[in-house]
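Asker: This is the structure I have questions about; it appears just below.
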Amino acid sequence: MSSQIQRSAINGYTFGRELPVDEVEKGKSILVKGPSDPERRDFVIDLLKSGNGMLADPSVVVTTNEVGKNVAQRYHSRLEGTDIHPPLGIIDCMPSPTPYSVREASVVQVGGPGDLTGVGVEVTKMIESMNNRGYERVRLVLDSICPMTMYADIEVLFRFLQTMVGCIQATDSVGVFTIDPDSHDEQTLSMITYLFDYVLDVDGYSGFGVVGSTGFD
């Protein structure tokens, strides 16, 4: 294992995008609130980079609104030129008639955005697999929460997200979850936001950057 990865397991998490803090503690979760479009997806992919522009940690990406093979292409394109290539796992919630494989990524398909049990099982398995390979932490992305609210009762979804946040905390990982605030009523948005340590408000101005934040002291 490279010295870069070893250092990453000791320190907190830094990111390839400028955030209100230089470093986020291990075990914390971030909610990114912004419009669901390719620029936001690129913003989130950039959070899989460490602050020095390197890929220091393995990543698990749960995709509910983009086919997994497209996520892998975006990931490798956005992070092209990095020297370290830790494992990438993708949990694809987009229904597909036939299974597919992706070069340089482990892809698992589940029943759909409403298959919360399947997603939870696969997230746990992928994190454990990466831990067993010597990686002490994982960057977990769930993009996006919105389709899940269409298929699951909000209380069931809340418990699922609570479990995911607990898993991140228990494994010293970091979590990045996305949501389009315009797609939900205030009560639903408030319930979901409550679960997260940090909240980032992003938009397309100034190169799709952070326009507001909560929890960053």
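The values are calculated or read from the model by the stated rules, or taken from the named source; none is laboratory data. Please read all numbers here as calculations on a predicted model, not as lab measurements. Note that we place each Cβ from the backbone using ideal geometry, even for glycine, and neighbour counts take in every protein chain shown. The area values use the complete protein model at the heavy-atom level, side chains included, leaving out ligands, DNA and RNA. Shrake-Rupley method; radii C 1.70, N 1.55, O 1.52, S 1.80 Å.
Asker: Is segment 70-87 home to any residue that is touching a residue at least 40 places away in the same chain (Cβ under 8 Å), in contact with a strand residue (DSSP E or B) (Cβ under 6 Å, 6 or more places away or on another chain) and not β-branched (Val, Ile, Thr)?
Answerer: Among the residues of segment 70-87, not one is touching a residue at least 40 places away in the same chain (Cβ under 8 Å), in contact with a strand residue (DSSP E or B) (Cβ under 6 Å, 6 or more places away or on another chain) and not β-branched (Val, Ile, Thr), which makes the answer no.
Asker: Does Ser96 satisfy being under 25 Å from Tyr135 (Cα atoms) and either open to solvent by 50 Å² or more (accessible area, probe 1.4 Å) or out of contact with any helix residue (DSSP H, G or I) (no Cβ under 8 Å at 6 or more places or on another chain) (or both)?
Answerer: No.
Asker: All but one of (1) within 20 Å of Ser50 (Cα to Cα); (2) open to solvent by 20 Å² or more (accessible area, probe 1.4 Å) hold for Ser173; which doesn't?
Answerer: (2)
Asker: Further question on the same structure: When the residues of segment 183-199 are filtered to those that are assigned to a loop (DSSP other than H, G, I, E, B) and not charged (D, E, K, R), which remaining residue is nearest to Asp22 (Cα to Cα)?
Answerer: Taking segment 183-199 first, the residues assigned to a loop (DSSP other than H, G, I, E, B) are 184-185, 194-197.
Narrowing further to those that are not charged (D, E, K, R): 184, 194-196.
Values: His184: 31, Tyr194: 23, Leu195: 22, Phe196: 18 Å.
Here the answer is Phe196.
Asker: Taking segment 1-41 as the region of interest, how many residues are among the acidic types (Asp, Glu) and modelled with pLDDT under 90?
Answerer: Adding up the residues that qualify gives 4.
Asker: Follow-up question, since we're still on this one. For residues that are of a type in the set (Gly, Ala, Ser) and either part of a helix (DSSP H, G or I) or at pLDDT below 95 (or both), tally how many sit in segment 154-182.
Answerer: First pass over segment 154-182, keeping only residues of a type in the set (Gly, Ala, Ser): 166, 170, 173, 175.
Now drop any that are not either part of a helix (DSSP H, G or I) or at pLDDT below 95 (or both), which leaves 166, 170.
Residues flagged as of a type in the set (Gly, Ala, Ser) and either part of a helix (DSSP H, G or I) or at pLDDT below 95 (or both) within segment 154-182 amount to 2.
Asker: Give Gly89, Gly120 a once-over and let me know the one that is under 15 Å from the mean Cα position of the chain (by Cα), at pLDDT 95 or above, under 21 Å from Phe15 (Cβ atoms) and of a type outside the set (D, E, K, R).
Answerer: After applying the criteria, what remains is Gly89.
Asker: Looking only at segment 134-145, decide whether some residue is free of Cβ contacts under 8 Å to residues at least 60 places away in the same chain and closer than 19 Å to Pro58 by Cβ.
Answerer: There is no residue in segment 134-145 that is free of Cβ contacts under 8 Å to residues at least 60 places away in the same chain and closer than 19 Å to Pro58 by Cβ.
Asker: What residue, among those in segment 123-137 that are at pLDDT 95 or above and within 15 Å of the chain's Cα centre (by Cα), is nearest to Lys33 (Cα to Cα)?
Answerer: Val123
Asker: Filter segment 109-140 down to residues that are surrounded by fewer than 21 Cβ atoms within 10 Å (Cβ to Cβ) and under 16 Å from Ala170 (Cβ atoms), then give me how many there are.
Answerer: 10
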